[in-house]
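What follows is a set of notes on a single structure, which appears directly below.
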Amino acid sequence: MGMWSLDRVDTPALVVDLDTVERNLHRVHRQAQEAGLALWPHTKTHKAPWLARRQLELGARGLTVAKLGEAEVLRDAGLGPFLVHYPLVGETKARRLADLLATGAQVQVALDSPQAADTVAEGARQAGAEVGVLVEVDTGMHRVGVAPGPQVVELSRYVHRRPGLRFLGLTSYAGHVSAAPDEEGRRQVLRQEREILQRMRHELERQGLTPQVVSVGGTHHAARMEELAGVATHLRPGTYVYNDRTILLAGSCREDDLAASVLVTVVSRHDRWAVVDGGSKAFSSDAHREGGYGLVMGRPKLRLTRLSEEHGILEWEDGAEPPRLGERLRIVPNHICTVVNLFDRAWAVRGEEVERVFAVSARGKSQ
Ligand SMILES: Cc1ncc(COP(=O)(O)O)c(C=O)c1O
């Protein structure tokens, strides 16, 4: 039963459509199961314990996080196990990892250097625990990850020999898939990732270090699971819960699958433009190469063309119905993960009725 109508919610507000979220979860979880892939969803998208719990209920084996602080929030909600998919480097991280392990949390870490392996081993030692490790391979994004080659075997062996660590296998994030110009380009990125991971796995097998896990990300992968066949064992989609304009424009979801938007009000009207009460503090500054900062739901001829902190500039094509002063619009952002991180709470709706309000408890956990 609805509590109140969305009309009464102050703006700007993060709005989540529950039916669409459920459909997104069911679809991807079913497809992963059919493909024999273990799901470890990346929780950085929703940062909300109730959604992480739902992902586990629907068959996820564990939860991926980027930050220890995110894992702490989810652990406090009784959830886990965790994959910290971020290199932990330095004494402070070792201590915090030890604190997390000391509460009984099961933790795996992805890393790309002996220094990070030492940090994780020190955390494991302090807590008297063992930590599973995935060695991250750079499959073309050129962010983190060991360059494919003998260095991957060397680091895997280092991890294998290090007390407190258990070498589990390989991981990769080919995030550059969203920058590919077309579908053939996107598939090319995924095939290159598969080829590199296959080669690295064979090399490890030859050296007696058979990886149990080969983990890949994300929502673009989830939409093209056939490209992962034969090498991936684990999948880490994050954005699939909500989707966003970037995922839509890459053909990795349908318009019906867009579950989250920012509700804004038109606060100023001019001849050729209007202003809404959400700027970069509501939409983040994440751009898209096609221009614009979001997709105005139900009003495809309106474009969010410019942002300052608290103002969003809407423009429209000749002949389009301009927005009215006071009109409320729902705008799907380019990148939902950075947007979610800007809001304390989200309004969960069915249709136009608010069913519940939930806290984005792991927002701002940048450590
Ligand atoms: C390491 C890693 N894995 C998985 C994901 C999830 O990818 P997506 O948000 O496309 O679902 C991300 C997203 O940034 C990531 O950085």
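The values are calculated or read from the model by the stated rules, or taken from the named source; none is laboratory data. Keep in mind that this is a model prediction, so the values were computed, not measured. Cβ coordinates were reconstructed from backbone atoms using ideal geometry, including for glycine residues, and neighbour counts include every protein chain displayed. These area figures cover heavy atoms from the full protein model, side chains too; ligands, DNA and RNA do not enter into them. Shrake-Rupley method; radii C 1.70, N 1.55, O 1.52, S 1.80 Å.
Just one of the numbered conditions (1) open to solvent by less than 60 Å² (accessible area, probe 1.4 Å); (2) modelled with pLDDT under 95; (3) not polar (S, T, N, Q) is not true of Gly319; which one?
(1)
May I ask you to say which residue of Val349, Val275, Val264 is assigned to a strand (DSSP E or B), open to solvent by less than 40 Å² (accessible area, probe 1.4 Å) and touching a His at 6+ places or on another chain (Cβ under 7 Å)?
Val275
For segment 37-63, what are the residues that are away from the ligand (no atom under 14 Å from the Cβ), in contact (Cβ under 8 Å) with a residue 12 or more places away in the chain and open to solvent by 10 Å² or more (accessible area, probe 1.4 Å)?
Pro49, Trp50, Arg53, Arg54, Leu56, Leu58, Gly59, Arg61
More than 21 Å from the chain's Cα centre (by Cα), within 18 Å of Tyr86 (Cα to Cα) and crowded, with 22+ Cβ neighbours inside 10 Å, is that true of Ala117?
yes
Suppose the filter is more than 14 Å from the ligand (Cβ to nearest atom), part of a helix (DSSP H, G or I), farther than 21 Å from Thr43 by Cα and open to solvent by 60 Å² or more (accessible area, probe 1.4 Å); does Glu184 pass it?
Numbers: more than 14 Å from the ligand (Cβ to nearest atom): yes; part of a helix (DSSP H, G or I): yes; farther than 21 Å from Thr43 by Cα: yes; open to solvent by 60 Å² or more (accessible area, probe 1.4 Å): yes.
Here the answer is yes, as Glu184 does meet what is asked.
Taking Ala222, is it open to solvent by 60 Å² or more (accessible area, probe 1.4 Å), over 26 Å from Ala124 (Cα atoms) and within 16 Å of the ligand (Cβ to nearest atom)?
no
Let me spell it out: the conditions are (1) within 16 Å of Thr219 (Cβ to Cβ); (2) touching a His at 6+ places or on another chain (Cβ under 9 Å), and Leu83 meets all of them except one. Which number is the exception?
Unmet condition: (1).
For segment 278-292, give me each residue that is at negative phi and open to solvent by less than 40 Å² (accessible area, probe 1.4 Å).
Of the residues in segment 278-292, the ones at negative phi are 278-283, 285-290.
Once the filter is applied, which keeps residues that are at negative phi and open to solvent by less than 40 Å² (accessible area, probe 1.4 Å), segment 278-292 yields Gly278, Gly279, Ser280, Ala282, Phe283, His288.
Check whether at least one residue in segment 228-243 is more than 12 Å from the ligand (Cβ to nearest atom), in a helix (DSSP H, G or I) and surrounded by fewer than 17 Cβ atoms within 10 Å (Cβ to Cβ), and report yes or no.
Within segment 228-243, not a single residue is more than 12 Å from the ligand (Cβ to nearest atom), in a helix (DSSP H, G or I) and surrounded by fewer than 17 Cβ atoms within 10 Å (Cβ to Cβ).
Pull up segment 168-181, narrow it to residues that are touching a strand residue (DSSP E or B) at 6+ places or on another chain (Cβ under 8 Å) and open to solvent by less than 20 Å² (accessible area, probe 1.4 Å), then point me to the one that is nearest to the ligand (Cβ to nearest atom). Before you say what the answer is, go through the steps one by one.
Step one: list which residues in segment 168-181 are touching a strand residue (DSSP E or B) at 6+ places or on another chain (Cβ under 8 Å), which gives 168-175.
Going one step further and asking which of them are open to solvent by less than 20 Å² (accessible area, probe 1.4 Å), we end up with 168-172, 174-175.
On the way: Leu168: 15, Gly169: 15, Leu170: 13, Thr171: 8, Ser172: 9, Ala174: 10, Gly175: 6 Å.
Looking at residues that are touching a strand residue (DSSP E or B) at 6+ places or on another chain (Cβ under 8 Å) and open to solvent by less than 20 Å² (accessible area, probe 1.4 Å), I get Gly175.
Which count do you get for residues in segment 322-343 that are in contact with a strand residue (DSSP E or B) (Cβ under 9 Å, 6 or more places away or on another chain), assigned to a loop (DSSP other than H, G, I, E, B) and either under 25 Å from Ser5 (Cα atoms) or open to solvent by 40 Å² or more (accessible area, probe 1.4 Å) (or both)?
So the count comes out to 8.
Can you name the condition, by its number, that Ala259 falls short on among (1) more than 24 Å from Val354 (Cβ to Cβ); (2) within 17 Å of the chain's Cα centre (by Cα); (3) away from the ligand (no atom under 13 Å from the Cβ)?
Exception for Ala259: condition (1).
For segment 204-219, name all the residues that are farther than 22 Å from Gly149 by Cα and either in contact with a Lys or Arg (Cβ under 9 Å, 6 or more places away or on another chain) or open to solvent by 20 Å² or more (accessible area, probe 1.4 Å) (or both).
Across segment 204-219, the qualifying residue is only Gly218.
Residue check: is Gly123 outside any helix (DSSP H, G or I) and small (Gly, Ala, Ser)?
Against the criterion (outside any helix (DSSP H, G or I) and small (Gly, Ala, Ser)), Gly123 does not qualify.
Do you know which residues across segment 70-106 are under 25 Å from Cys337 (Cα atoms), charged (D, E, K, R) and away from the ligand (no atom under 16 Å from the Cβ)?
Those that are under 25 Å from Cys337 (Cα atoms), charged (D, E, K, R) and away from the ligand (no atom under 16 Å from the Cβ): Glu72, Arg75, Asp76, Lys93, Arg96.
Within segment 193-201, identify whether any single residue is in a loop (DSSP other than H, G, I, E, B) and more than 10 Å from the ligand (Cβ to nearest atom), and answer yes or no.
No: segment 193-201 contains no residue that is in a loop (DSSP other than H, G, I, E, B) and more than 10 Å from the ligand (Cβ to nearest atom).
Do we have Val109 as under 25 Å from Leu170 (Cα atoms), open to solvent by less than 40 Å² (accessible area, probe 1.4 Å), at pLDDT 95 or above and not in a helix (DSSP H, G or I) here?
yes
Does Thr305 satisfy being modelled with pLDDT of 95 or more, under 13 Å from Ala274 (Cα atoms) and not in a loop (DSSP other than H, G, I, E, B)?
Working: modelled with pLDDT of 95 or more: yes; under 13 Å from Ala274 (Cα atoms): yes; not in a loop (DSSP other than H, G, I, E, B): yes.
So Thr305 passes the test.
Can you tell me which of Glu327, Glu309, Glu315, Glu321 is among the charged types (D, E, K, R), out of contact with any helix residue (DSSP H, G or I) (no Cβ under 9 Å at 6 or more places or on another chain) and over 29 Å from Asp19 (Cβ atoms)?
Going through Glu327, Glu309, Glu315, Glu321 in turn, the sole match is Glu315.
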